[in-house]
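Every read-out reported here was derived from the displayed coordinates using simple, explicitly stated rules and does not represent laboratory data. Keep in mind it's a predicted model, so treat the numbers as computed, not measured. Cβ sites come from the backbone with ideal geometry, for glycine too, and all protein chains shown count toward neighbours.
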């Protein structure tokens, strides 16, 4: 199982999603250029240390994505299901970016995105490569079945 390249891609994707889930994703600035809030996936911390959980859907999407990535690693015997889970995982990570954009639009201030916001995009690329490997394995198995 672990020797398959797609398993390594999915494992690395899982790690990147967890790192993104546990770090700050943006800093919000006012019109005067002073930072007034830090955006995490689970909450937004303002200057007084108060927490607003309006960004909790971001955490939920990443939590489901991390679990989906982990589950898809262990679906190596069911390649069609694994390829479908990879497709769903990529879709969820794109939805995370849309939710982040909506959240920043809703707050209505200047936002500076931090480096962890790149991690879901890298995870999408890794998941795409894993799906491509899964489909190649499925094609190989079908060709061997045809020869028999």
Rounded to the nearest 10, the angle in degrees between the Cα long axis of helix 79-107 and the longest principal axis of the Cα atoms of the chain comes to 10 degrees
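Among 61, 44, which comes first, second and so on when ranked by fewest other beta-carbon atoms within 10 Å?
Working: 61 22, 44 19.
Ordered by Cβ neighbours within 10 Å, fewest first: 44, 61.
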For the chain, the longest principal axis of the Cα atoms and the Cα long axis of helix 119-147 enclose an angle in degrees, to the nearest 10, of 10 degrees
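Run lengths n ≥ 4 of DSSP H only: what is the helix-derived mean residue ellipticity at 222 nm for the chain, with -39500 (n - 2.57) per run over all residues, to the nearest 500?
Calculated at 222 nm, the ellipticity per residue is -22000 deg cm²/dmol.
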With a Förster distance of 22 angstrom and the Cβ-Cβ distance between residue 27 and residue 122, calculated FRET efficiency to the nearest 0.05 equals 0.60
Rg from C-alpha atoms of the range 94-148, normalised by the globular rule of thumb 2.2 N^0.38 Å, equals 1.91
Measuring from the longest principal axis of the C-alpha atoms of the chain, the long axis of helix 5-21 (C-alpha) lies at a number of degrees, nearest 10, equal to 10 degrees
Hull volume per residue for the range 5-147, using the convex hull of the C-alpha atoms, in Å³ is 84 Å³
